[in-house]
Structure formats: C-alpha cells, structure tokens
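Scroll down for the structure; my scribbles are underneath it.
The values are calculated or read from the model by the stated rules, or taken from the named source; none is laboratory data. Please read these numbers as outputs of a predicted model, since none were measured by experiment. Please note: Cβ atoms are built from the backbone with ideal geometry, for glycine as well, and neighbour counts cover all protein chains shown. Surface accessibility is based on the protein's heavy atoms, side chains included, excluding ligands, DNA and RNA. Shrake-Rupley method; radii C 1.70, N 1.55, O 1.52, S 1.80 Å.
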Amino acid sequence: MQRILIIEDDRDQALLARESLEEALDVVEINVCSTGEEGLREDISVYDVIIMDYNLPDMTGLDILGQLNEMEHGPVVMLTAEEVLEVAVQSLKEGADEFIIKSVDIYHLLPHIIERTIQNYHWRKNMEAIENREREKKIQIETLKRIMMTLAHHLNNGIMPIIFSAELCE
C-alpha cells in the first residue's frame, strides 16, 4: 500500500489530487494537511511520497523542505500555481524531487507522476547503497594491501639476518 501525504491549503485542490490518486492507484492511503505546521507534525518517514503546495498560510514549500532535510522522508513533489522559475530551481535545490505547475489537466497526469517519482526515488536510493558498498569494498581492499605490505616488510626484515648468516657460513 502506498502512503501519500498531501499538504495543500485549498480544499478543492486537495480533493482533486486525492480523487485522482485514489482512482488511478490500486491501494493508497492519503492524508491531507492544510498547513505546513500540520504536515510537519505528521510522522513524515511513513509516507511513500509527499505532495505539497508552495504557498501555504503559515509557511512556504521551501520552509518545509528546509525542515524535511533534517528528517527521514521519501520523495517530495511540489505541486503549485507558482510559475516563477527561481522558485522551481530553488525547490529542486532544496530537495524537491519534482516541481509541477498546477493546471486544469495536471490531475489526470498526477498518478503517473507520483508513481514515476517513487520509482525514481527508490532507484536513486538503491544506486546510492550500491555506491556506498563499492566505496566500502575499495577501503577494505586498500586496508588489506597495507596489511600485506606491512607483513611482507616484517617478513623480509626477519629473514634478512638469516640469509646474511647463511651467506657468511658459505
């Protein structure tokens, strides 16, 4: 089951988003919050995706993103009527996975966008985990190389007097 948090102060917009997602996605649990503060009081870590408006009565989507960066959370989709390029760029820099401008037909596309965003998020997390494992393996290999070199050095130092003594005996 997918869990979705919608942070949207406009009830009609929240209802459109909810109905669009419930219709298109098989099993979904959707919670709607009308303020940023209300959304941040939720246990953010349990949601598969967070959909939020940029302009909320108590804060902006950027304010929420700033606070989300300190928490464990899934992907974030900024769904807003704000058509300012700087806001979109800043939202993506602050951690939004998608920035979507509200339009009449966006709610038909929303389920597809949400599924793609969740898939991309999990793919990215899996790639990060693989990269971390690879880094750890490289560190382990380098550590083993140093140990081998140290052992070889100690063995050579220990064998040298024996070889020298054997050469003297000849």
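For the reader, a short list of remarks on this structure follows.
- Among GLU94, GLU70, GLU82: highest mean-square fluctuation, GNM of the chain, C-alpha pairs under 10 Å: GLU70
- Residue of VAL84, VAL32, VAL104 that the Gaussian network model of the chain assigns the largest fluctuation, springs spanning Cα pairs under 10 Å: VAL104
- Solvent exposure, largest accessible area first (probe 1.4 Å, DNA, RNA and ligands not counted), of ARG124, ARG135, ARG146, ARG18: ARG146, ARG135, ARG124, ARG18
- GLU22 paired with ILE101, simple spin-label distance in nm, labels 7 Å along Cα-to-beta-carbon: 3.0
- Average Cα contact separation per residue, the chain, under 8 Å, 6 or more apart, as relative contact order %: 18
- Note on exposure: ARG11, ARG133, ARG116 ranked by accessible area (1.4 Å probe, complete protein assembly) read ARG11, ARG133, ARG116, with the most exposed listed first.
- Accessible area expressed per residue, the chain, with surrounding protein chains retained (probe 1.4 Å, Å²): 65
- Extension gain, LEU62 back to LEU85 (0.36 nm per residue minus Cα-Cα distance, nm): 6.9 nm
- Candidates HIS154, HIS108, HIS122: whichever shows maximal mean-square fluctuation once the chain is modelled as a Gaussian network with Cα springs under 10 Å: HIS154
- Where labels lie 7 Å past Cα in the beta-carbon direction, separation of GLU131 and HIS108 in nm: 3.7
- Cα centroid separation - the range 71-112 against the range 38-59, whole Å: 13
- Listed values (1) 10.5; (2) 15.3; (3) 17.3, entry calculated as mean projected area of the Cα convex hull in nm²: (2)
- Those aspartates and glutamates that a straight Cα-Cα span of less than 19 Å connects to LYS137, excepting residues fewer than 8 apart in one chain: GLU128
- Förster radius 41 Å - calculated FRET efficiency between GLU142 and ASN120, Cβ distance, rounded to 0.05: 0.80
- Carbon plus sulfur fraction of accessible area for the chain, probe 1.4 Å, in percent: 54
- Every helix of 4 or more DSSP H residues in the chain counts as -39500 (n - 2.57), and over all residues that averages to -20500 deg cm²/dmol at 222 nm.
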